[in-house]
Amino acid sequence: MLSEKLNWRYATKKMEAGRVVPDDKVERILEAVRLAPTSSGLQPFDVIVVTNRDLREKLKAAAYGQSQITDGSHVLVFAAWDNYTAERLDRLAEGVAAARGGMSPGIKSNFDGLKARLLPRSADANFEHAARQAYIAFGIGLTAAAFEGVDATPMEGFDPAAVDEILGLRARGLRSVTLMPLGYRAAEGDWLAGLPKARRPRTEMITELA
Ligand SMILES: Cc1cc2nc3c(=O)[nH]c(=O)nc-3n(C[C@H](O)[C@H](O)[C@H](O)COP(=O)(O)O)c2cc1C
């Protein structure tokens with residue numbers, strides 16, 4: 001059951017240094033990320049998979065020394081588009097058309113509508129919208145990692161400007177949103193390991209209107 005996996009996972013604070021997550025598991029986690037639903041199918045984010053040690057040392061410094069970044073084997077950097085542009089939306093429309101038998105009037109009018117709605121907005125408003133979509137994929141990636149028995153730490157405790165600089169994201173029209181180190185929990189040294197989950201009660205969080 002998925003709930004067992006979700007109880008098993010936790011925001012791992014200490015990972016076993018040197019233990020590498022196998023490629024097939026990383027690929028399945030990335031595929032789950034790629035399959036995430038997004039508003040209007042925009043998929044307005046990239047994921048950068050960092051294994052390079054020097055880069056991970058720099059990312060750790062930008063993340064206030066959080067050791068999972070270098071003790072784990074991979075860091076997934078979720079980076080949202082800095083804005084919506086006609087070029088980006090045209091490319092998406094072409095992708096939809098290629099997947100669905102050609103550019104139909106329906107696809108064209110859908111993307112014309114998106115352009116009319118999104119392009120007049122500020123870059124910041126569009127980035128915030130894109131970042132919200134990245135969070136959906138981030139959550140699915142965390143779930144996929146748990147499903148694969150891989151430990152992951154959701155992270156927004158970092159300096160985004162520094163991460164953007166380290167990875168050259170702004171030049172690619174991207175801004176970092178979240179980090180997800182992948183690895184395996186260490187046998188010792190993790191204050192959070194083994195602590196019961198602390199969640200608001202169902203009766204408080206969930207309202208049922210029958
Ligand atoms: C978006 C987001 C950002 C987070 N940032 C950090 C972080 O920078 N460092 C960290 O150790 N934990 C971070 N956490 C972990 C949360 O504190 C943790 O998920 C929450 O307390 C629930 O605990 P659990 O994930 O162990 O069940 C983050 C979680 C989320 C969802």
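The values are calculated or read from the model by the stated rules, or taken from the named source; none is laboratory data. None of the values given here were measured: they were computed from a predicted structure. Here the Cβ positions follow ideal geometry from the backbone for every residue, glycine too, while neighbour counts run over all protein chains shown. Accessible surface areas use protein heavy atoms only, side chains included; no ligands, DNA or RNA. Shrake-Rupley method; radii C 1.70, N 1.55, O 1.52, S 1.80 Å.
Heavy atoms only, probe 1.4 Å: what % of the accessible area of the chain goes to carbon and sulfur, would you let me know? Don't skip to the end; give the middle numbers.
Values: 6260 of 11520 Å².
Percent of accessible area from carbon and sulfur atoms in the chain: 54.
Counting only helical runs of four or more DSSP H residues, what would the 222 nm mean residue ellipticity of the chain come to if each run contributes -39,500 (n - 2.57) and the total is spread over all its residues?
Working: 9 runs with 98 residues, N = 210.
Calculated at 222 nm, the ellipticity per residue is -14000 deg cm²/dmol.
Can you tell me the dipole magnitude for the chain around its Cα centre, using point charges on the Cβ only (Lys, Arg +1; Asp, Glu -1), in Debye to the nearest 20?
Working: 28 positive and 27 negative charges, 70 e Å.
Computed charge dipole of the chain: roughly 340 debye.
Which value, in debye to the nearest 20, gives the size of the charge dipole of region 1-69 about its Cα centre, when Lys and Arg are +1 and Asp and Glu are -1 at the Cβ?
Working: 12 positive and 9 negative charges, 64 e Å.
Using Cβ point charges on Lys, Arg, Asp and Glu, region 1-69 gives about 300 debye.
Name the residue from Ile206, Thr143, Leu118 whose Cα lies farthest towards the positive end of the charge dipole of the chain, charges +1 on Cβ of Lys and Arg and -1 on Cβ of Asp and Glu.
With unit charges placed on the Cβ atoms, the residue in question is Ile206.
Using per-residue counts of other Cβ atoms within 10 Å, averaged over each peptide, order 22-31, 154-163 from highest down.
Values: 22-31: 14.9, 154-163: 16.5.
The packing order, highest mean first, is 154-163, 22-31.
Let me confirm the definition first: pairs of Lys residues in the chain, 8 or more apart or on different chains, C-alpha distance under 30 Å. How many are there?
Final tally of qualifying lysine pairs is 17.
Once a ≥ b ≥ c are taken as the square roots of the eigenvalues of the Cα gyration tensor of region 74-125, is the result rounded (a/c under 1.5), prolate (a/b larger than b/c) or oblate (a/b not larger than b/c)?
On the way: a/c = 3.58, a/b = 1.31, b/c = 2.73.
The shape class here is oblate.
Would you work out if the chain is rounded, prolate or oblate? Take a ≥ b ≥ c from the square roots of the eigenvalues of the alpha-carbon gyration tensor; rounded if a/c is under 1.5, else prolate when a/b is larger than b/c, oblate otherwise. All intermediate terms of the calculation are to be shown ahead of the outcome.
Working: a/c = 1.96, a/b = 1.48, b/c = 1.33.
Prolate, since a/c reaches 1.5 and a/b exceeds b/c.
Please report how far the C-alpha centroid of region 106-122 lies from that of region 134-210, rounded to the nearest whole angstrom.
31
Remind me, relative contact order of region 145-209 in percent, using alpha carbon pairs under 8 angstrom and six or more residues apart?
On the way: 41 pairs, mean separation 22.3, N = 65.
It comes to 34 percent, rounded to a whole number.
Take every Cα pair under 8 Å in region 98-188 that's 6+ residues apart, average their separations, divide by the length, and report that relative contact order as a whole percent. Please list the in-between numbers first.
Working: 48 pairs, mean separation 23.2, N = 91.
For region 98-188, the relative contact order is 26 percent.
Do you know the relative contact order of the chain, to the nearest whole percent, from alpha carbon pairs under 8 angstrom that are 6+ apart? Display every interim value, and only then the final one.
Numbers: 325 pairs, mean separation 76.5, N = 210.
Reported relative contact order: 36 percent.
Taking only protein heavy atoms and a 1.4 Å probe, what accessible area per residue, in Å², does region 25-114 have with all protein chains in place? Can you show the working numbers first?
On the way: 4430 Å² over 90 residues.
For region 25-114, the solvent-accessible area averages 49 Å² per residue.
Excluding Asp151 itself, calculate the net charge of residues whose Cβ lies under 14 Å from the Cβ of Asp151, where each Lys or Arg counts +1 and each Asp or Glu counts -1.
Details: positive: Lys5, Arg9, Lys13, Lys14, Arg19, Lys25, Arg185; negative: Glu16, Asp71, Glu148, Asp190.
That works out to +3.
Which of the listed residues, Thr153, Thr178, Gly168, is farthest toward the dipole's positive end in region 147-186, when Lys, Arg count +1 and Asp, Glu count -1 at the beta-carbon?
Towards the positive end, the residue furthest out is Gly168.
Quick check: pseudo-label points 7 Å beyond the Cα along Cα→Cβ at Leu6 and Arg53, how many nm apart are they?
3.8
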